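What follows is one structure encoded as structure tokens, with my remarks underneath.
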């Protein structure tokens with residue numbers, strides 16, 4: 001426990017550990033992302049701190065979720081929904097929040113030359129934002145990358161379609177690398 005403005009509260013780390021016993025994986029990932037977004041705790045620091053808390057209830061579950069092979073820091077729920085679709089399509093775990101050709105991208109597979117954007121209305125609704133998206137697409141195409149975009153509706157309500165397109169794209173890369 002610590003105090004904020006005289007009010008007793010748990011630390012961000014302790015809150016994550018406690019909630020790891022109560023929330024599902026998506027909820028825990030959301031908490032980790034929010035803690036990172038507000039500079040309360042960062043995944044590498046959380047991992048290190050868990051080494052000193054071994055055996056405490058919730059630590060093993062939190063450590064499992066923070067596994068470097070599976071956890072990816074994302075900004076939006078839409079992005080968190082996308083990652084399992086990509087895995088189901090046979091794609092490896094992507095890099096997230098990388099800068100490619102001068103633009104921050106949602107998902108990037110450098111070995112495949114694949115960039116995927118998941119477009120929610122929050123960041124892609126104005127003409128200026130849409131024009132920037134076109135510049136991004138053009139820069140990636142000019143650099144020889146394959147660029148895919150999926151809307152919120154597709155990721156949320158048409159996951160089969162998204163998986164199919166990703167699987168077809170992944171199979172094309174598998175053929176190209178043989």
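The residues of the stretch 119-147 that are surrounded by 15 or more Cβ atoms within 10 Å (Cβ to Cβ) and modelled with pLDDT of 85 or more, listed by number, are 136, 137, 139, 140, 145, 146, 147. Cβ-Cβ distances below 6 Å connect the following pairs, each with a first residue in the stretch 127-148 that is touching a residue at least 24 places away in the same chain (Cβ under 8 Å) and in the same structural domain as residue 173 (by TED's automatic domain parsing), a second residue that is surrounded by 12 or more Cβ atoms within 10 Å (Cβ to Cβ) and part of a helix (DSSP H, G or I), and a separation of six or more residues or different chains: 147/137; 147/140. When the stretch 1-30 is filtered for residues that are within 22 Å of residue 81 (Cβ to Cβ), without any contact (Cβ under 8 Å) to a residue 24 or more places away in the chain and either in contact with a helix residue (DSSP H, G or I) (Cβ under 6 Å, 6 or more places away or on another chain) or loosely packed, with under 10 Cβ neighbours inside 10 Å (or both), the ones remaining, listed by number, are 22, 24. Among the helices (runs of 4 or more DSSP H) confined to the stretch 1-118, the ones with at least 3 residues that are at pLDDT 90 or above, under 16 Å from the mean Cα position of the chain (by Cα) and assigned by TED's automatic domain parsing to the domain that holds residue 163 are located at 77-88.
Total residues in the stretch 40-59 satisfying the condition of being within 23 Å of residue 81 (Cα to Cα) and loosely packed, with under 13 Cβ neighbours inside 10 Å: the figure is 1.
The values are calculated or read from the model by the stated rules, or taken from the named source; none is laboratory data. This one's a predicted model, so the numbers in the text were calculated from it and none came from an experiment. Quick reminder, even Gly has a Cβ in these numbers, built from the backbone with ideal geometry, and neighbours come from all protein chains shown.
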